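Below: the structure, in structure tokens.
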Amino acid sequence: MDRIFSGIQPSGEIHIGNYVGAIRNWARLVERYECIYCVVDYHAITIEYEVELMQQRILETGTILVACGLTPERCIVFVQSHVPEHTELAWIFNCVTPVGELERMTQFKEKAKQHRQNINMGLLDYPVLQAADILIYKAGFVPVGEDQIQHVELAREIARKFNARFGNTFPEPQVILSDAPRILGTDGNAKMSKSMNNAIGLLEPPETIWERLRTAVTDVNRQRRSDPGNPDRCNIFTMHQAFSKPDQISYIDQNCRTAGIGCIECKEILFKNMMEELTPIQERVREIREKPGYMIDVLRSGANRCKAIVKEVMEEVRTKIGIKAFWV
Ligand code: TYM
């Protein structure tokens, strides 16, 4: 069975962009692939973060993954730093990765702008660690949102460079996009992300979610209720495509264009559908939180399963690059 790898940062609250762009798709893929999903804590420390909250955030992110159906019976869920070989392979990859490739990464340029005071090596090297995450499992497919396509392309290039220099070792992984690979934030302008303050948190109470939807920007050209709208320019419509049923989507498409329904009515339908999907997840999160030790066991056994895989791959890599321990 082909292997899948993907990761998510434990940096603050998981939002519905993460959910429909990645996690929901991860849960669908467990049926057909051997799946490994990772809470990438070493990636999250490349920007300023609250040290005392990190441990909690790692656990919370793992909890959300399990609550979304990524149970240990169906796939592996683990924490990146629990399998230190990821960073070891990243170092080896550093030595085949041109700096120029990293400097032209869109996410690096954006983050360097956002964090001018702290443009550290980790921020630049971020995609190399991501390549190591994927390739250390020889994963063939990587389900991510649109913003990560460039990083997966770089992982392919790193695999090619390594293979050319040291002999065929790694497959070139391919991206799998979800049906909603790019969700904009409530500002209707930038990609939904915690750092842009435009996100709808997966675990937020219904009142808060409704408040965020109610005030979210729609088609900016639709000023009055009587103006016809254009769903193609409306982020609420994109969210409908992620959460609503096909007949509702075509109803909204038609009635928005003819001013048959107003934005609030449209948002009410979305809110209802969204909560239908999020409520059971929120309930499962509460249940898991009540079982002390459960998540720790999930993450510990996840790490152990990964360690067995990476041990072999790292032995192969060390041998190929000529630095195998003398006594092995
Ligand atoms: P992260 O934590 O930023 O995002 C996790 C996943 O959510 C997707 N995503 C979105 N999808 C649609 N619309 C949005 N507004 C939106 N915001 C986020 C992301 O595309 C991602 O799939 N670099 C990765 C973490 C990572 C990784 C890996 C991924 C580390 N190593 C190896 C795959 C394979 C990231 O930024 O995740």
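Laboratory data are not the source of any read-out in this text; all were calculated from the coordinates shown. Computed from a predicted structure; not experimentally measured. All Cβ positions, even for glycine, are placed from backbone atoms using ideal geometry, and neighbour counts span all protein chains on display.
Membrane-span-like helices in the chain, defined purely by DSSP H runs whose alpha carbon atoms cover 18 Å or more axially and whose average Kyte-Doolittle hydropathy reaches 1.0, are 121-135. Taking Cα centre as origin and charging only the Cβ of basic (Lys, Arg, +1) and acidic (Asp, Glu, -1) residues, the dipole magnitude of region 30-90 rounds to 220 debye. Descending by average beta-carbon neighbour count within 10 Å, the peptides 1-10, 317-326 line up as 1-10, 317-326, the highest first.
For region 103-201, what class follows from the C-alpha gyration tensor (a ≥ b ≥ c being the square roots of its eigenvalues): rounded when a/c is under 1.5, otherwise prolate if a/b is larger than b/c, else oblate? The shape class here is oblate. Kindly identify region 280-328 as rounded, prolate or oblate by the Cα gyration tensor criterion: order the square roots of the eigenvalues as a ≥ b ≥ c, call it rounded if a/c is under 1.5, otherwise compare a/b with b/c, prolate if a/b is larger, else oblate. It comes out prolate by the Cα gyration axes.
Seen from all directions on average, region 1-115 presents a Cα convex hull projection of 8.4 nm². Only the Cβ atoms of Lys and Arg (+1) and of Asp and Glu (-1) were treated as charged; on that basis the dipole of region 200-320 about its Cα centre amounts to roughly 380 debye. Across 5 Å bins from the origin, how do the percents of Cα pairs in region 244-311 run, short distances first? Histogram of Cα-Cα distances, whole percents per bin: 3, 13, 13, 12, 9, 9, 9, 8, 9, 8, 5, 1, 0. Of the Cα atoms belonging to region 194-286, the radius of gyration and Dmax stand at 13.7, 43 Å. When peptides 50-57, 243-250, 191-198 are sorted by average Cβ neighbour count within 10 Å, with the highest value leading, the order is 191-198, 243-250, 50-57. Go from 0 up to the bin containing the longest alpha carbon distance in region 45-172, width 10 Å each, and give me the % of pairs per bin. Here the calculated profile for region 45-172 is 11, 36, 38, 14, 1.
Among the listed pairs Lys138/Lys320; Lys191/Lys272; Lys194/Lys272; Lys194/Lys311; Lys194/Lys267, those with a Cα-Cα distance over 27 Å are Lys194/Lys311.
Ordering Tyr19, Val40, Ala132 by the projection of their Cα atoms onto the charge dipole of the chain, which places +1 on the Cβ of Lys and Arg and -1 on the Cβ of Asp and Glu, puts Ala132 at the extreme positive end.
The listed peptides 292-302, 130-140, 25-35, ordered by packing as a protection proxy, come out as 130-140, 25-35, 292-302 (highest mean of other Cβ atoms within 10 Å first). For Ile200, nonlocal amide neighbours, meaning residues 5 or more places apart or on other chains whose placed amide H falls under 5 Å from its own, are Ile16, Gly17.
Computed over region 194-286, relative contact order equals 30 percent, with contacts defined as Cα pairs under 8 Å that lie 6+ residues apart. Among Tyr49, Tyr37, sorting on how many other beta-carbon atoms sit within 10 Å of each Cβ, with the fewest leading, yields Tyr49, Tyr37. Each of Asp253, Asp179, Asp41 has some number of other Cβ atoms within 10 Å of its Cβ, and from fewest to most they run Asp179, Asp253, Asp41. Translational diffusion of the chain, estimated by Stokes-Einstein from the Kirkwood radius over alpha carbon pairs at 4 °C in a medium of 1.567 mPa s, is 61 µm² per second.
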